[in-house]
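Some notes on the structure that comes next.
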Amino acid sequence: MVLAASSVMLAQPVLAADYTITGSSNTYLRMTRTISKDDLYPLYEYLRFSVSTAEKDGSSVSLHLGAWGRLDLVDKSSDHYTDGDLQYGFLSYQGAKNNLVVNVGRQFVTEGVAAERIDGLYARSDFAAGFTAAAFVGQPVVTDPSYKGGDYIYGGRVAQGKAGLYTIGVSALRNESDVARDREEEGVDVWLHPVKQVDLTGRSSYNSITSGWMEHAYTLSVAPIDQVTLSADFSRINYSDYFYNVTTTAFALKNNGGALDPNEELTTYGASAAWTPKKDLTVAAEYKKYDYEIQGSGDYVGGKVAWTAPGALSLGGSVHRMIGDSERLRYYDYRLYALKKVGHAELGLDFYNVIFDRPIDGVKSSFALTGIAGYEVTEKLKVGGDVEYSQSPDFDREWRALVKVAYAFDMKTGEKGGKSEK
């Protein structure tokens, strides 16, 4: 087995102001064999780096950078055996009052209907009477060269609420090019917390181009007593509206060269109950209904138990029954796991088993057995990995392995240029 190494070199100039520098390096070496018997050993590196300075008035300015790279160590038959991308890189100003934030650069924006990576400008602030407003404008970041993300994207969200009680938001997004309307979406989101024991969150989004509702998703949680939590959820997705214009083949509709049926609609609803008779023990029961307009429906019901001794041992298990319209959706599934910490080391075992009502491609039982190991070399340096052996209708026997190395650092400089590293 090849061990992936990771290192970060940090230059330490003499800084006159009060700076905080943080960063991390995460290296992953994956080892697997494809269904066509090809061995793949991709090596991934994720780097994150931030520098921030605090002003005397309480405001701050910071720089955030994050990037990843990939190198295929064995299979180099493709022209794309190396890859990489700048995940984010932006300057941020945080004001001393009203939660003012202004970001400039490549960033991930989450505001109502928007969950986008853009190259542009983002700003938000609080106002009087519980109002909050946010806006963004820029160019969408598209990583798949086969898809176009539009020339520019803009939108925002306005919300009103009372701390600890409720928030109601309205948002909109426009993604356009010189010749087409790529996306036009509006949405509303709510959070209600009328009493300590009740919590309701939800959102609804609308596609103005197709004139249809993309999604409704709502979750209610009730805790009648401290040891018991009850929850219920509902969601509905219309494929032709929700996946109208995507930037990856994984979610493309058939009329756009993908595999998803534009006439499909998915409705799910369910309920669960969790009981904590003791601090370290949780017992739960759950039910979920999946109702596809075309593929049919399925009922998923079962329960699970988890026990945790702080800092020492975690044990758990679950059993569920799926009853669906197709043979692949008629099965029992079981899971058992154990995680033990010994000093600076951590060892674990996870077993997942699916037993079909009828054999799928001659396979009656599908399973995956995973062994996990990790070691904390120092407070900043951690190494670990896992090995998985599995069998399924798609694979007779399959091995997968992952080696990971994580290193984190942080440093502060004092007002007179002194340095202190943690």
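Observations, loosely collected:
- Among M411, M214, M322: highest mean-square fluctuation, GNM of the chain, C-alpha pairs under 10 Å: M411
- The accessible surface of the range 46-118, taken with every protein chain in place and a 1.4 Å probe, is 54 percent carbon and sulfur.
- For the chain, with +1 on Lys and Arg beta carbons and -1 on Asp and Glu, the positive-most of P224, Y46, T32 along the dipole: P224
- Other residues with beta-carbon under 10 Å from the beta-carbon of I209 carry, at +1 per Lys or Arg and -1 per Asp or Glu, a net charge of -2.
- FRET efficiency, E327 to T82 (Cβ-Cβ, R0 41 Å, nearest 0.05): 0.50
- Where [x] 4, 22, 32, 26, 12, 3, 1, 0, 0; [y] 4, 13, 21, 30, 25, 6, 1, 0; [z] 4, 13, 14, 10, 8, 7, 5, 6, 6, 7, 8, 6, 4, 1, 0, 0 are the candidate values, the label of the one calculated here for P(r) over Cα pairs in 10 Å bins from 0, in percent is [y].
- Each Lys and Arg contributes +1 and each Asp and Glu -1, all at the Cβ; summed about the Cα centre of the chain, the dipole is approximately 1300 debye.
- Cα-Cα separations in the range 29-165 greater than 19 Å, expressed as whole percent: 65
- The mean of 1/r over all pairs of different alpha-carbon atoms in the range 229-280, once inverted, gives a Kirkwood hydrodynamic radius of 13.6 Å.
- Helix-only arithmetic for the chain: the sum of -39500 (n - 2.57) across DSSP H runs with n ≥ 4, divided by the residue total, places the mean residue ellipticity at 222 nm at 0 deg cm²/dmol.
- Value of relative contact order over the chain, rounded to a whole percent, pairs C-alpha under 8 Å and six or more apart: 12
- Each of H344, Y334, A406 was placed along the dipole of the chain (beta-carbon charges, centred on the mean Cα), and the one lying farthest toward the positive end is H344.
- Per-residue Karplus couplings for the range 277-289, computed as 6.51 cos²θ - 1.76 cosθ + 1.60 with θ equal to phi - 60°, are listed in order as x, 10, 4, 9, 10, 10, 10, 9, 10, 8, 9, 9, 10 Hz, Gly and Pro entered as x.
- The range 21-43 and the range 224-291 have Cα centres lying 29 Å from one another.
- With every protein chain in place, the range 216-267: carbon and sulfur % of accessible area (1.4 Å): 55
- Remark: the range 206-317 carries 56 Å² of accessible area per residue (probe radius 1.4 Å; ligands, DNA and RNA excluded).
- Here the Karplus relation 6.51 cos²θ - 1.76 cosθ + 1.60, evaluated at θ = phi - 60°, turns the backbone of the range 46-56 into coupling constants of 10, 10, 9, 8, 9, 10, 9, 9, 9, 8, 5 Hz, with x for every Gly and Pro.
- Note that the range 155-163 has calculated 3J(HN,Hα) couplings of x, x, 8, 10, 9, 9, x, 10, 3 Hz, one per residue in order, obtained from phi through the Karplus relation 6.51 cos²θ - 1.76 cosθ + 1.60 (θ = phi - 60°); glycine and proline are x.
- Carbon and sulfur %, accessible surface of the range 272-345 computed with the full protein complex present, 1.4 Å: 60
The values are calculated or read from the model by the stated rules, or taken from the named source; none is laboratory data. Fair warning: this is a prediction, and the values are worked out from it, not measured in the lab. Ideal geometry is used to build each Cβ from the backbone, glycine not excepted, and the neighbour counts take in all protein chains shown. Protein only, heavy atoms only, side chains kept; ligands, DNA and RNA dropped before computing areas. Shrake-Rupley method; radii C 1.70, N 1.55, O 1.52, S 1.80 Å.
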